[in-house]
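K.L.:
This is the structure, below, for whatever I ask next.
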Amino acid sequence: DQQVKQNSPSLSVQEGRISILNCDYTNSMFDYFLWYKKYPAEGPTFLISISSIKDKNEDGRFTVFLNKSAKHLSLHIVPSQPGDSAVYFCAASARETSGSRLTFGEGTQLTVNP
Amino acid sequence: EAGVTQFPSHSVIEKGQTVTLRCDPISGHDNLYWYRRVMGKEIKFLLHFVKESKQDESGMPNNRFLAERTGGTYSTLKVQPAELEDSGVYFCASSQRRPGQGTYEQYFGPGTRLTVT
């Protein structure tokens, strides 16, 4: 039973345009969400997070949106750059019931074309 | 500040052998986690230490896996005996509780790629 789903295994965008990566979850106890970026042969790198009490968090070119009623979050990257090409993982935690462990999606491979 | 380090980066062993993976967390981080990614699928939680104590080991697949964190510093994950399905990338992560806010972002090491043949 996969509680965090990233239905798009890959996404390709042009440099300078917006990249939108999507994530859906099923566990209503999740109260904290994170996005990680992963380059080949490296570990995931923390990108941005959002608490369930918010619906938006912005950090430079990266913005995460949370729609609790739809159990959906998205990561917007604008403008996209070739160096953003990586696998992006959505992760969630249910701090009250499951502590701080993270539940990950399968990842989306983003390719930004020059 | 040094990040999370893991050793070895790669390990190839035969079925039935024993392998020990090591993780050194970021200095001062009380929380240490082990995760595993199998065949390019999602990254799955294995267990969580707070200092030297196992806080949550609900993700450990079976009793062939043994994790320790003596002294609350580095951790080891031993697989004995290894099976073919244990192949994958094993990640370690650490985090530090921020006063009044709980444990949030986890910082990952580069992983150990384990291949069991």
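K.L.:
Estimate the FRET efficiency between A:LEU11 and B:THR115 by the formula 1/(1 + (r/R0)^6), using the beta-carbon distance for r and 35 Å for R0, to the nearest 0.05.
P.N.:
According to the calculation, E is roughly 0.75.
K.L.:
Using the Cβ atoms and a cut-off under 12 Å, what net charge is assigned to the surroundings of A:LEU75, where Lys and Arg are +1 and Asp and Glu are -1? Could the numbers behind the result be given before it?
P.N.:
Numbers: positive: A:LYS37, A:LYS56, A:ARG61; negative: A:GLU58, A:ASP59, A:ASP84.
Result for the neighbourhood of A:LEU75: 0.
K.L.:
Once you keep just the Cα pairs under 8 angstrom separated by 6 or more residues, what percentage relative contact order results for chain B?
P.N.:
Details: 290 pairs, mean separation 42.1, N = 117.
Contact order relative to length: 36 percent.
K.L.:
Which is the longest part of chain B that has none of the trypsin sites (Lys or Arg not before Pro) sitting in a DSSP loop with at most 16 other Cβ atoms within 10 Å?
P.N.:
Values: sites that count: B:LYS15, B:LYS41, B:LYS51, B:ARG64, B:ARG97.
Longest run free of exposed loop sites: B:65-96.
K.L.:
Exceeding 28 Å between C-alpha atoms, which entries from my cross-link table qualify? They are A:LYS5/B:LYS51; A:LYS37/A:LYS68; A:LYS56/B:LYS51; A:LYS71/B:LYS44; A:LYS56/B:LYS54; A:LYS68/B:LYS51.
P.N.:
Listed pairs above 28 Å: A:LYS5/B:LYS51; A:LYS56/B:LYS51; A:LYS56/B:LYS54; A:LYS68/B:LYS51.
K.L.:
In debye, nearest 20, what is the charge dipole magnitude of the protein assembly as shown about its Cα centre with +1 on Lys and Arg Cβ and -1 on Asp and Glu Cβ, if you could check?
P.N.:
Details: 25 positive and 24 negative charges, 20 e Å.
Using Cβ point charges on Lys, Arg, Asp and Glu, the protein assembly as shown gives about 100 debye.
K.L.:
For peptide B:32-42, how many partner chain Cβ atoms fall within 10 Å of a residue's Cβ, on average?
P.N.:
What the average comes to for B:32-42 is 3.
K.L.:
Here is a further query. Taking amide H positions as placed in the peptide plane 1.01 Å from N, state which residues far from A:ALA94 in sequence (5 or more) or on other chains have amide H under 5 Å from it.
P.N.:
A:ASP31
K.L.:
Given an 8 Å cut-off on Cα distances and at least 6 residues of separation, report the relative contact order of chain A as a percent.
P.N.:
For chain A, the relative contact order is 37 percent.
K.L.:
Residue-wise, which Karplus ³J(HN,Hα) couplings in Hz belong to the stretch A:65-82, taking 6.51 cos²θ - 1.76 cosθ + 1.60, θ = phi - 60°, and x for glycine or proline?
P.N.:
Result, ordered by residue: 10, 10, 10, 5, 5, 8, 6, 9, 9, 9, 10, 10, 10, 8, x, 6, 10, x Hz.
K.L.:
Measure off 7 Å from each Cα along the Cα-to-Cβ vector at A:HIS76 and A:ASN57, then give the distance between these two points in nanometres to one decimal.
P.N.:
1.7
K.L.:
A follow-up question, please. Counting only other chains, what is the mean number of Cβ atoms within 10 angstrom of the Cβ of each residue in peptide A:39-46?
P.N.:
Mean number of neighbouring Cβ atoms from other chains: 6.
K.L.:
Can you tally the net charge around A:ILE48? Count Lys and Arg as +1, Asp and Glu as -1, for every other residue whose Cβ sits under 9 Å from the Cβ of A:ILE48.
P.N.:
Values: positive: none; negative: A:GLU58, A:ASP59.
Overall, the nearby charge balance is -2.
Where a number appears in this text, it was derived from the coordinates with a stated rule and is not lab data. Keep in mind the model is a prediction, meaning the values are calculated, not measured. Note: ideal-geometry Cβ built from the backbone for every residue, glycine included; neighbour counts use all protein chains shown.
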